[in-house]
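Engineer: I have a structure here, written as structure tokens, and I will follow up with some questions on it.
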Amino acid sequence: MNTEGEMSAGQDIKQPNRFPFFKVAAAVGVGIIFVIGLVFEEGARKRRAEMTCIAYLKQIDGAAKAWALENKKAPSDTYSLTEPTMLAYLKGSALPICPLGGTYSPGSRFYDVPKCSIPGHQLLYKTSMGGYPR
Ligand SMILES: [Zn+2]
């Protein structure tokens, strides 16, 4: 009687427990997929910002090179990103703003490309004046 009571109690517990287990497993699965989705979305957002920033760096580089040619600068001359006559070559005559809030700095010479303070935000192509980014 005692044994039978325990057995039926055990079965009673075992049967309803099976469904919650799958529910929990499903919830965990959905949770994992959701987290993976967030990670991918975060990665995609960072890549989009990086691509926007690199496009800005190209614009700044182009403006600096155009300004250098116009003002007969040597590739080894240094420049500033606050030079108003150089900024005039940019859209709205203003330095673009990095989507992730990075700070732009000029290349050490016209020979070099401008840089963003955020890692990964950099021009990787050989510049028109023959320099490689550093
Ligand atoms: Zn940037």
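What follows is calculated from the coordinates using simple rules that are stated; it is not laboratory data. Owing to the predicted nature of the structure, the values given are computational and were not obtained by experimental measurement. FYI the Cβ positions are ideal-geometry reconstructions off the backbone, even for glycines, and counts take in every protein chain you see.
Engineer: Taking H as built 1.01 Å from N, whose amide H comes closer than 5 Å to the amide H of residue 118, not counting residues under 5 places away?
Structural biologist: Those qualifying (amide H under 5 Å, at least 5 residues apart or on another chain) are 103.
Engineer: I've got another one for you. What full-extension length gain, to one decimal in nm, is calculated for residue 41 and residue 80 as 0.36 nm per residue of separation minus the Cα-Cα distance? Working shown, then result.
Structural biologist: Values: separation 39, 0.36 × 39 = 14.04 nm, distance 3.61 nm.
Contour length minus Cα-Cα distance gives 10.4 nm.
Engineer: What is the packing order of peptides 94-103, 112-121, taking the mean over residues of other C-beta atoms within 10 Å and listing the highest first?
Structural biologist: Values: 94-103: 14.9, 112-121: 18.2.
So the order, starting with the most tightly packed, is 112-121, 94-103.
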